[in-house]
Each structure stands twice: as structure tokens, then as C-alpha cells.
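Q: Structure provided below as C-alpha cells; questions to follow.
The values are calculated or read from the model by the stated rules, or taken from the named source; none is laboratory data. All values derive from a computational prediction rather than experimental measurement. Note that we place each Cβ from the backbone using ideal geometry, even for glycine, and neighbour counts take in every protein chain shown. When the accessible area is computed, the model is the full protein with side chains, heavy atoms only, and any ligands, DNA or RNA have been set aside. Shrake-Rupley method; radii C 1.70, N 1.55, O 1.52, S 1.80 Å.
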Amino acid sequence: MAYLRNRWYVAGWTSELTEGGGVLARTILEEPIVFFRHGAGIAALRDQCPHRFAPLRLGTVSNGALRCAYHGLAFGADGECVRNPQGPIPKAARVRAYPAHEAYSMIWVWMGAASAADPALIPDFSCISDAPARVRTPGHSKVAAHYELLNDNIMDLSHVDFLHQSSFAQGSLSSVRPQVSTRGEAIRILWSVTDAEPSVINRQHGGGASRFDIDTEVVWHAAGNMRLAVTMRPAGGAPGPVLVIEGCHMMTPETLASTHYFHCGTRNFAVDDAALTAQRAQIARRAFDEEDKPMIEAVQRSMGADTDLLSRQPMLLAGDGGAVRVRRAIKAMVDAEHSQGR
Ligand code: FES
Ligand SMILES: [Fe+2]
């Protein structure tokens, strides 16, 4: 399926772009892009000099412009050449500039028509930026699979009970029928369970309670941006702390066959415990790298180069409602872009 263009995509963590004139190079929707800081903002340019096609990521940033390392042409945040060491600036000396924005500790880039790039369309991930830095676990993984398979993985958490038995499994995500709802363009799926045992990773934080009423909610925004919140209350209204574990799971296509997976978790308990943060980050990374990623990549290999799961008419289970609704929404959005000629 074609890419959805007129959306904001996560390109990286703002911490990846240092203040000291560094650059960040990333391929997004098959387009090589280089990011750098200029003034108070972030610039995003095509990572290819129009002179001899040198990657601009090899260049250096000074005075808000990126200077090509090969023959010294310098380009500003709008992609226009601002300096030619060999004389006047040629008309053709410009590169494509992409709208870029810093929000919620992430770098966002707009891959469609620049005139439609409204930062107000960036979905709300203040759960990440509002959380103390010491409880955040930001990460980035590359996965050799189409991004919609990664959307499926978060929208259908019934896999957790089987694939992640030593960490996140709680038994109820596959036995409870989730509720799916739509609000505007956002799609929400909610698993609610009462009087349940928490997952291994959260078990020791219940302040003595051993049974909980647990809501697990995922809210999706196009094309691959999901907020996952687990809220655990002591079962039946018993006294005790309410644990909230939130996270973002952002899938940005690199190509049709590979995906950038940006992820970050936070929590509302033991917020000063840096060792616990490191431990939880390691558990989450191991679960993804050793359990999700090999499975998702195996699914993609099994499907060959196919990116359209629904056209294969897969058999569906009770937990598929959210993932299927997201796939249909993406298809409708892509079709709408193409009928409007983008
Ligand atoms: S390739 Fe960039 S200035 Fe020559
Ligand atoms: Fe998983």
C-alpha cells in the first residue's frame, strides 16, 4: 500500500540532536533526510547536495545553515543555498525542506504538502514530556517489516499473554473481549479486567495488594502513533496505590519493508528509583528485541513483500477489532489522499 503522506511522523528523540551543531540522518518514507538545529527550531532537509549529490549529513552546521562537506555550499532551514564559496549563488542551488517540529521530546516531520503542515495536528504525547526524565525509557529499534504489522502488535495486545510470559503477561489480555471505539480520527481499544493478578513486571509495586482491577488502553493516531496506558487499582475498591504505566509506541516507515520503532515508557510510582527505570527499560528492550521483533519479522517473511494483510483475508479473532479498524482507517486515508491528488 502507498504511504500516507499528509501526517506528522516521528523522526527521532530531540536528545539525539545535540546543541553543538550535530546532525541526525534518517530515512523516512524512503526519503533520506538530515535534521539539524537552527535558532529555536529544527530544520529537515533532503540529505543530498544538489551539486554532486554528497550526503549533507557529512557536513557541518554553523550560523543555522548546513555546509556540504564536499565543496562547501551551505543551505538554510528553508533549503535555499545561503553561501557558494565559488561565487554567486546559482538558482538551482536548493534542496527540499520538510516541515519539522519539536514536541513531547520528539522530532516530528511532515511528509506531505508543506502548506498542510499544522503543528496542532501532532497527537498529544504530553504523558511522555510531562513525566520526570528519570522515569522515562526512550528507545529506538529498527524492524524489517511493514509498519502496519507493528501497529497490529500494539493494537492487539492479546499476544502479550503468550509472547511475553516472563514480563508483561497477565493472562487477561487474551481472555477478555476488548472494547473498540473511535473519536475523530483516533481509534481506542480497551481491555478491562477485574480481580486479576498483575503482570510479573508490576507485581511488586502494589503496596501489598495482590489482586487488581486493570484497564489497558491503547489510543492510535495516524499513521503509527500509539499511547498505551495501564491503570491498576486494588481489586474491588480496596485501599492502596493506583499504579499508572504509560508509554508511547511510534511506528515510522523507513521503507515499505522496514520501520523505525520509537518507544518510551513512564510510570507514576517509585519515581526517584533510577535503578528501577534502568531495569524496566532493559526488560522492555529484551521483550521487544527477543520476542516481538523476531516474530514480526518472521510474519513479514511469511507474507513475502506483501504489505496488505487484509487483502489476504486472514482469519480474525476477538482481539483483532482495534487492529483491523486501524488498517481500514489507514486505507481510507491513503485512498482519500490519492483521490485528492495529495
Ligand atoms: S557535493 Fe555538495 S557542494 Fe559539491
Ligand atoms: Fe509485544
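Condition check ((1) outside any loop (DSSP other than H, G, I, E, B); (2) of a type outside the set (A, V, I, L, M, F, W, C); (3) touching a residue at least 12 places away in the same chain (Cβ under 8 Å)) across all residues:
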{"position": "D161", "(1), (2), (3)": "yes, yes, yes"}
{"position": "Q170", "(1), (2), (3)": "no, yes, yes"}
{"position": "V176", "(1), (2), (3)": "no, no, yes"}
{"position": "T182", "(1), (2), (3)": "yes, yes, yes"}
{"position": "I187", "(1), (2), (3)": "yes, no, yes"}
{"position": "W191", "(1), (2), (3)": "yes, no, yes"}
{"position": "D195", "(1), (2), (3)": "yes, yes, yes"}
{"position": "I201", "(1), (2), (3)": "yes, no, yes"}
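Q: Considering only segment 30-62, state which residues are more than 16 Å from ligand 1 (Cβ to nearest atom) and either closer than 22 Å to A92 by Cα or surrounded by 19 or more Cβ atoms within 10 Å (Cβ to Cβ) (or both).
A: Scanning segment 30-62 gives E31, I33, F35, R37, I42, A43, A44.
Residues are listed down the side, and each one gets a yes or a no for (1) among the hydrophobic types (A, V, I, L, M, F, W, C); (2) closer than 18 Å to M251 by Cα:
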{"residue": "M1", "(1), (2)": "yes, yes"}
{"residue": "Y9", "(1), (2)": "no, yes"}
{"residue": "F53", "(1), (2)": "yes, no"}
{"residue": "L58", "(1), (2)": "yes, no"}
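Q: So which residues in segment 218-262 are open to solvent by 10 Å² or more (accessible area, probe 1.4 Å), under 30 Å from E31 (Cβ atoms) and not aliphatic (A, V, I, L, M)?
A: H221, R227, H249, E254, T255, S258, Y261
Q: So, one more: Looking at segment 278-301, which of the residues that are over 18 Å from I201 (Cβ atoms) and within 12 Å of ligand 2 (Cβ to nearest atom) is surrounded by the fewest Cβ atoms within 10 Å (Cβ to Cβ)?
A: P294
Q: Quick check on segment 82-98. Is at least one of its residues more than 16 Å from ligand 1 (Cβ to nearest atom), under 30 Å from G265 (Cα atoms) and open to solvent by less than 30 Å² (accessible area, probe 1.4 Å)?
A: Within segment 82-98, one or more residues are more than 16 Å from ligand 1 (Cβ to nearest atom), under 30 Å from G265 (Cα atoms) and open to solvent by less than 30 Å² (accessible area, probe 1.4 Å).
Q: Please determine, by comparing only the residues of segment 63-81 that are surrounded by fewer than 18 Cβ atoms within 10 Å (Cβ to Cβ) and either closer than 22 Å to S15 by Cβ or modelled with pLDDT under 95 (or both), which one is nearest to ligand 2 (Cβ to nearest atom).
A: G64
Q: OK, next. So is R46 touching a Pro at 6+ places or on another chain (Cβ under 8 Å), more than 16 Å from ligand 2 (Cβ to nearest atom) and within 25 Å of L256 (Cβ to Cβ) or not?
A: yes
Q: Which is closer than 26 Å to E254 by Cβ, surrounded by fewer than 19 Cβ atoms within 10 Å (Cβ to Cβ) and out of contact with any helix residue (DSSP H, G or I) (no Cβ under 7 Å at 6 or more places or on another chain), of S181, S175, S115?
A: After applying the criteria, what remains is S115.
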